[in-house]
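To keep things clear, I will list the structure first and then write my remarks on it.
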Amino acid sequence: MTTAQMQRKRTRRLRSARSYVVLTLLALVYVAPAYYLVVGSFKPAADVLSGMRGFLPEHLSFDNYRSVFDSLASDSTGYFWQFMTNSILISLAVVVVGLVVNSMAAYSFARLTWRGRDKSFLIVVALVIVPFEAVAIPLLFMLNGMRNSLLVQALPFFANAFSIYLFYTFFLGLSKDIEEAATLDGLGPFGTFVRIAVPSAKPVFATVAILTFMTTWGQYLWPSLVISNPTYRPLPLELSVFSGQMPVDWGEVLAFGALLILPVLIFFVSFQRFFVQSLASSAVKG
Amino acid sequence: MNHRKKAGASVVAVTAAAMLLASCSSGGGGTSSAGDGTGDVEVWAHQGKDSEVAALQDAVANFNASQSDITVNLTLVPEADYTTTIQSTSASDLPDVLELDGPTLANFVYDAKVAPIGDYVSQATIDNASAGNVNQGTVDGTLYALAQFNSGLGLCANGALLDDAGVTYPDSIDSAWTADEFRSALQTLAAANDSGYALDIKENYGLGGEWGTYAFSPLLQSAGGNLIADNEASGVIDGPESVSAMEAFQSWLPYVDPNEDDAAFVDGRVAISWCGHWMYPGYSEALGDDLVILPLPDMGTGTKSGAGSWTWGMGSTTGQGTAAGAFLDYLLNDQNVAAMTAANGAPPATKSVLASDALYSAGGPLELWGKQLEASCNADAITSDCVTVLRPLTAGYPVITSEFASALSAIATGGDVQSALTGAATAIDQSFADNNDYQ
Amino acid sequence: MSNPTVVRTRRRAFRWSRRDLPGATMAAPGIIGLLAFVAAPFLVAVVLSFYNAQLNSPRSPNFIGITQYSRLFSDPQFWRAFGNNLTFAAVVIPVQTAIALGLAMLINRRLRGISIFRALFFLPVIFPMALVAVIWRLILSRSEDGLLNSLVHFVTFGQVGAQDWLGNSATAMPSIILLSIWQGVGFQMIILLAGLQEIPQERYEAAQLDRASRWQQFRYVTLPGLRNTLIFVVLLTSILAFRVYDQVYILITSGGANKAATQTVLYQATTSVFDQNNLGRASAITVVFFAIVLAITVVQRRVVRQESEA
């Protein structure tokens, strides 16, 4: 190795060492609130709100978790597992039905020709910018008869203009050759979609699934408008009910919070390897 | 091409119109009927403290065991959602018997959600209800609800801390602290305490909720102001008297402990707590003989306090009037009223139990609050002798309380008093104007 | 049926042919869903905004013309809320985008374990806002035991006493902004990271041959290469900035946040329903809110188009 090479190697090492220091410091600051949540969830309430000592991992136990399950275990308060099940059912329904409905629509817009297609697609593009918040109040009025159910929490979110748009940009970029071959082999449009387009679109499916799951899981506004019965209440809404009931035990509230992010964490970790590339490519193209 | 665009738009319009219609048709009032006095009776109640829940569950179980004709099924709804739940349930889906927060009753009558109970509960039960109780349950001369208990509100103080700081305190309704005396007491107490605080106003309950109106609207009335007068809030809730009361309130805030752990008073971080009767059992256990009960500060026209609490009514479409009445008679008998008030420390709302109550009758530790309740009046007829004022008995109460409470929480975070109260006045008056004064 | 071709062509002139069927059928569920739950409610909002309407009321809505709008525009509370939205957007759009870009560049390295850092910075994005509000109200608690207060106390050697971060009108909005950026920045970071990875490495190498400084590389290679991604991120952030609601509502109602300083347009809309059961007012706010979002989008598209033409 020449001296110049060694020198270059040394500066590179120095640089990456500096990067690590900067990254670690930033990450510490950045993760502090999340760490506070996790460590606090194992601490007695009095230790949670005790200044910087709130960070110390002392007096740890599972008591808070046990109390969350114990105090949310009657018909009147609702059951913790019921809230969890509600959230999971709603989120999965919106993800699964949403993937089917939106990918089908996107494929139709990108690949099939039918009357009214272009105009319909224009409507979809226009609706991308309508945030859900802008229709929540009138929707409450329209769906008031369905309040306090699981369906009312999922129904408005199946069709999603942004998801259609994400699928659309992907299908548009897909090479047509295989599809044309499939059509020659006698596969109909739907068959081509299912057999050819869907398998090659895994990354977009993963991206849309993650985005949909995250937003649905965290829904607060809509359930707060349509749900008053604990039987149908999803977790985030229950978090605000739970943390509003006197006297508040902050340790228990944080334990509840930790349980709230666990499923979405699992969901994210299982699909995340597709996530970055796909979201990026659609953003860059869009 | 143009006609097709129109067709698309009209599909949307038709869908919208259909949904508009569909959601309008769900209303409609109902009429109650007596039924044959047997069968199931559905009951909804708010989920209060564990001890209250236990007392109610015992009452239901004992009632079911005491006879074989009627079966009561109890459903508990969390307190925070209770009123919203009733509001958002159509009249036909409401149960036979339901608990209601006193001041919301007029609104539920207005929305045809509750039935008159005079025909179904026995005359003896009605006669035994205290005057304030009947007052709270009566709308336009018709009785809709009766309560097991009333409520008491004042200051709970830590006598030892007051004495140590050399602060003298009132011993009767007439000698209540004036606003200035109260502030200087807070100042002295805060200086004497390591925490730097002197007062707990249960900020952890959220001043923007019903607690805000219940606990702090008496300050307006004590100053000579009010929430509303003759269906008009402008010049009343934001009149000079009300503004001065809220400015005084704002001047106490530097001494207020945030109380996020709900333990400021029992831990001795503050010497005084804005105090509802339900806090008494816990406070008395923690402080023992050091706990003293004081009236709220006198803002000018004599101390005023709050009254009214949860009460029992019947769903407007019940087909079980007789059976429901029998259950209410049972719930309001001496045994169950005594059990409930023992559980929550509330002043009994029936004459017979109040007379023998150990806490509120003469010589009891809460005698002062008992006396306050004897001098009770409605919000539209406040006299100088009256101490406890019921919250306004109008169907427009929900908008009054939410507007006042949200103004209060704006004031509590340092907002301008006059503009917060004027904002509330405008919103209340608009709502009354839109709804024909809720007549 | 003897001549199907003729039948088909004749049909085509008047109505859909069978060939249109698969495409239309596949798109139908999505389109119907969007019409029923996005387009129709918006029309309902427009209609309702001219009525005095209540939920679950036995009385039917009555027409009151533009009263709701005129009240709204003369209501200082509403303007305050609108101003808060503007403040929030004016700070969050540039700051959050800049932080996201900085983080994206930091983690766009071939270092061992970099994926752990990526995951850590992305982590808060999966936190529901309701939870973020709870965690941060504890951090920002005005009691001396609040995390931030004790940190400030420690750093200033006790010179600065406990602050009411959420309650004080001067610090309430910055607090909301801080926690919102904490939660949201990871998402923009990931998008920008992907954008950075699309920039061909050769461009940097060419710049290095020209002895371009790091700043020059950033200015003349990174920024132009990220142009489309940055536009997308700014657009996304500005719409998100106007949708801010969950944290504000939760912190005002149960976290002691200063209402005047933190309420937003959407807060005004839902409290009109929750507190006054006033659907008409809430619908009018909804319509105004949508007009704002539409205006932002149109303005931004126009600016972008002008820039690319220039």
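The values are calculated or read from the model by the stated rules, or taken from the named source; none is laboratory data. Everything quoted here is computed from the prediction, not taken from an experiment. No Cβ is skipped: glycine too gets one built from the backbone with ideal geometry, and neighbour counts run over all protein chains shown.
From C:SER254, C:SER283, C:SER238, grab the single residue that is among the small types (Gly, Ala, Ser), within 13 Å of chain B (Cβ to nearest Cβ) and surrounded by fewer than 24 Cβ atoms within 10 Å (Cβ to Cβ).
The conditions single out C:SER254.
Among residues belonging to region A:44-101 that are polar (S, T, N, Q) and outside any helix (DSSP H, G or I), point out the one that is nearest to C:VAL152 (Cα to Cα).
Ranking the candidates gives A:SER50 first.
Residues of region C:119-131 being in a helix (DSSP H, G or I), within 8 Å of chain A (Cβ to nearest Cβ) and touching a residue at least 40 places away in the same chain (Cβ under 8 Å), which ones?
C:PHE121, C:LEU123, C:PRO124, C:VAL125, C:MET129, C:ALA130
Only one of C:GLY195, C:GLY158, C:GLY102 is under 28 Å from the mean Cα position of the chain (by Cα) and either assigned to a loop (DSSP other than H, G, I, E, B) or within 8 Å of chain A (Cβ to nearest Cβ) (or both). Can you tell me which?
It is C:GLY195.
Among the basic types (Lys, Arg), assigned to a helix (DSSP H, G or I), touching a residue at least 40 places away in the same chain (Cβ under 8 Å) and in contact with a helix residue (DSSP H, G or I) (Cβ under 7 Å, 6 or more places away or on another chain), is that true of C:ARG203? Break it down stepwise before answering.
Working: among the basic types (Lys, Arg): yes; assigned to a helix (DSSP H, G or I): yes; touching a residue at least 40 places away in the same chain (Cβ under 8 Å): no; in contact with a helix residue (DSSP H, G or I) (Cβ under 7 Å, 6 or more places away or on another chain): yes.
When the stated conditions are applied, C:ARG203 does not pass them.
With a cut-off of at least 1 residues that are within 25 Å of B:SER273 (Cβ to Cβ), name the helices (runs of 4 or more DSSP H) lying wholly within region B:290-386.
Working: elements: B:321-331, B:334-344, B:351-355, B:367-374.
Result: B:334-344, B:351-355, B:367-374.
Here are some conditions: (1) touching a residue at least 40 places away in the same chain (Cβ under 8 Å); (2) small (Gly, Ala, Ser); (3) in a helix (DSSP H, G or I). C:SER57 meets all but one. Which one does it not meet?
(3)
Restricting attention to helices (runs of 4 or more DSSP H) lying wholly within region A:111-170, give those where 2 or more residues are of a type in the set (Val, Ile, Thr).
A:117-128
Can you list residue pairs whose Cβ atoms sit under 6 Å apart, with the first residue in region B:222-235 being closer than 12 Å to B:PRO392 by Cα and the second being assigned to a loop (DSSP other than H, G, I, E, B) and modelled with pLDDT under 95? Count only pairs 6 or more apart in sequence or on different chains.
Note: pairs meeting the criteria are B:LEU227/B:PRO392; B:ILE228/B:PRO392.
Step by step: first the residues of region B:45-101, then only those that are part of a strand (DSSP E or B) and of a type in the set (Ser, Thr, Tyr), then the one that is farthest from B:TYR120 (Cα to Cα). Which residue is that? Show your work before the answer.
Let us first name the residues in region B:45-101 that are part of a strand (DSSP E or B), namely B:45-47, B:70-78, B:97-101.
Those still in the list that are of a type in the set (Ser, Thr, Tyr) too: B:71, B:75.
On the way: B:THR71: 17, B:THR75: 22 Å.
Restricting to residues being part of a strand (DSSP E or B) and of a type in the set (Ser, Thr, Tyr), the top hit is B:THR75.
Anything in region C:210-252 that is among the β-branched types (Val, Ile, Thr) and either farther than 24 Å from B:THR413 by Cβ or without any contact (Cβ under 8 Å) to a residue 60 or more places away in the chain (or both)? List them, or say none.
Correct list: C:VAL221, C:THR222, C:THR229, C:ILE231, C:VAL233, C:VAL234, C:THR237, C:ILE239, C:ILE252.
List every residue pair whose Cβ atoms sit under 6 Å apart, with the two residues 6 or more apart in sequence or on different chains, where the first one lies in region B:316-329 and is acidic (Asp, Glu) and the second, anywhere, is part of a loop (DSSP other than H, G, I, E, B).
B:ASP329/B:VAL121; B:ASP329/B:SER122
Being crowded, with 16+ Cβ neighbours inside 10 Å and within 14 Å of chain A (Cβ to nearest Cβ) is the filter; apply it to region C:59-71 and report the residue that is nearest to C:ALA260 (Cα to Cα).
C:GLN68
Just give me the residues in region B:362-392 being within 18 Å of the chain's Cα centre (by Cα) and farther than 15 Å from B:GLN221 by Cα, in sequence order.
Once the filter is applied, which keeps residues that are within 18 Å of the chain's Cα centre (by Cα) and farther than 15 Å from B:GLN221 by Cα, region B:362-392 yields B:TRP369, B:GLY370, B:LEU373, B:GLU374.
List, please: which pairs have Cβ atoms under 7 Å, are six or more places apart or on different chains, and start with a residue in region B:170-192 that is within 12 Å of B:LEU296 (Cα to Cα) and end with one that is in a helix (DSSP H, G or I)?
Close Cβ pairs satisfying both conditions: B:ILE173/B:LEU368; B:ILE173/B:LYS371; B:ILE173/B:GLN372; B:TRP177/B:ALA185; B:ALA179/B:ALA248.
I'm checking my understanding of the structure. Among residues of region B:186-225 that are among the β-branched types (Val, Ile, Thr) and assigned to a helix (DSSP H, G or I), which one is nearest to the other protein chains (Cβ to nearest Cβ)?
In the first step, residues of region B:186-225 are kept if they are among the β-branched types (Val, Ile, Thr); the result is B:188, B:201, B:213.
Cutting the leftovers down to assigned to a helix (DSSP H, G or I) gives us B:188, B:213.
Working: B:THR188: 20, B:THR213: 12 Å.
Result: B:THR213.
Here is a yes/no grid of residues against (1) within 14 Å of chain A (Cβ to nearest Cβ); (2) closer than 23 Å to B:ALA34 by Cα:
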residue	(1), (2)
B:GLN87	yes, no
B:SER90	yes, yes
B:ALA112	no, yes
B:GLY118	no, yes
B:VAL121	no, yes
B:ALA124	no, yes
B:ASN133	no, no
B:ASP140	no, yes
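In the list B:VAL256, B:VAL266, which residue meets the criterion of being without any contact (Cβ under 8 Å) to a residue 24 or more places away in the chain and either aliphatic (A, V, I, L, M) or more than 23 Å from C:SER141 (Cβ to Cβ) (or both)?
Result of the check over B:VAL256, B:VAL266: B:VAL266.
Please find, among A:GLY244, A:GLY251, A:GLY218, the residue that is under 12 Å from C:PRO128 (Cβ atoms) and either modelled with pLDDT under 90 or buried (at least 22 other Cβ atoms within 10 Å of the Cβ) (or both).
Among A:GLY244, A:GLY251, A:GLY218, only A:GLY218 is under 12 Å from C:PRO128 (Cβ atoms) and either modelled with pLDDT under 90 or buried (at least 22 other Cβ atoms within 10 Å of the Cβ) (or both).
The rows are residues; the columns are (1) at pLDDT below 95; (2) surrounded by 19 or more Cβ atoms within 10 Å (Cβ to Cβ).
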{"position": "B:ALA190", "(1), (2)": "no, yes"}
{"position": "B:LEU219", "(1), (2)": "no, yes"}
{"position": "B:ASN226", "(1), (2)": "no, yes"}
{"position": "B:SER244", "(1), (2)": "no, yes"}
{"position": "B:ALA248", "(1), (2)": "no, yes"}
{"position": "B:PRO254", "(1), (2)": "yes, no"}
{"position": "B:GLU260", "(1), (2)": "yes, yes"}
{"position": "B:TRP274", "(1), (2)": "no, yes"}
{"position": "B:GLY282", "(1), (2)": "yes, no"}
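Going by what's in this entry, would B:GLY282 be described as over 22 Å from B:LEU74 (Cβ atoms) and in contact (Cβ under 8 Å) with a residue 40 or more places away in the chain?
Judged against the criteria, B:GLY282 is not a match.
Being buried (at least 22 other Cβ atoms within 10 Å of the Cβ) and touching an Asp or Glu at 6+ places or on another chain (Cβ under 7 Å), is that true of even one residue in region C:87-110?
Among the residues of region C:87-110, not one is buried (at least 22 other Cβ atoms within 10 Å of the Cβ) and touching an Asp or Glu at 6+ places or on another chain (Cβ under 7 Å), which makes the answer no.
If you scan region C:72-81, which residues turn out to be surrounded by 16 or more Cβ atoms within 10 Å (Cβ to Cβ) and more than 9 Å from chain B (Cβ to nearest Cβ)?
Hits for region C:72-81 are C:LEU72, C:PHE78, C:ARG80, C:ALA81.
Within the set of pairs 6 or more residues apart or between chains, which connect a residue that is facing chain C (nearest Cβ under 7 Å) and under 11 Å from A:ILE164 (Cβ atoms) inside region A:103-123 to a residue that is among the aliphatic types (A, V, I, L, M) and not in a loop (DSSP other than H, G, I, E, B) with Cβ atoms less than 6 Å apart?
Between residues of region A:103-123 that are facing chain C (nearest Cβ under 7 Å) and under 11 Å from A:ILE164 (Cβ atoms) and residues that are among the aliphatic types (A, V, I, L, M) and not in a loop (DSSP other than H, G, I, E, B), the close pairs are A:MET104/C:MET26; A:ALA105/A:ILE164; A:ALA105/C:ALA27; A:TYR107/A:ALA197; A:SER108/C:MET26; A:SER108/C:ALA27; A:SER120/C:ILE31.
Is it the case, given these coordinates, that C:TYR220 is of a type in the set (Phe, Trp, Tyr) and facing another protein chain (nearest Cβ under 9 Å)?
Against the criterion (of a type in the set (Phe, Trp, Tyr) and facing another protein chain (nearest Cβ under 9 Å)), C:TYR220 does not qualify.
Residues in region A:227-241 that are under 20 Å from A:PRO156 (Cβ atoms) and crowded, with 22+ Cβ neighbours inside 10 Å: how many?
Number satisfying all stated conditions: 8.
Keeping to region A:13-43, report how many residues are assigned to a helix (DSSP H, G or I) and more than 18 Å from C:LEU106 (Cβ to Cβ).
Of region A:13-43, the ones assigned to a helix (DSSP H, G or I) are A:13-40.
From what is left, the residues that are more than 18 Å from C:LEU106 (Cβ to Cβ) are A:33-40.
Residues in region A:13-43 being assigned to a helix (DSSP H, G or I) and more than 18 Å from C:LEU106 (Cβ to Cβ): 8 in total.
If you take the residues of region A:135-192 that are farther than 28 Å from A:PHE83 by Cα and β-branched (Val, Ile, Thr), which of them is farthest from the other protein chains (Cβ to nearest Cβ)?
Among them, the one singled out is A:ILE178.
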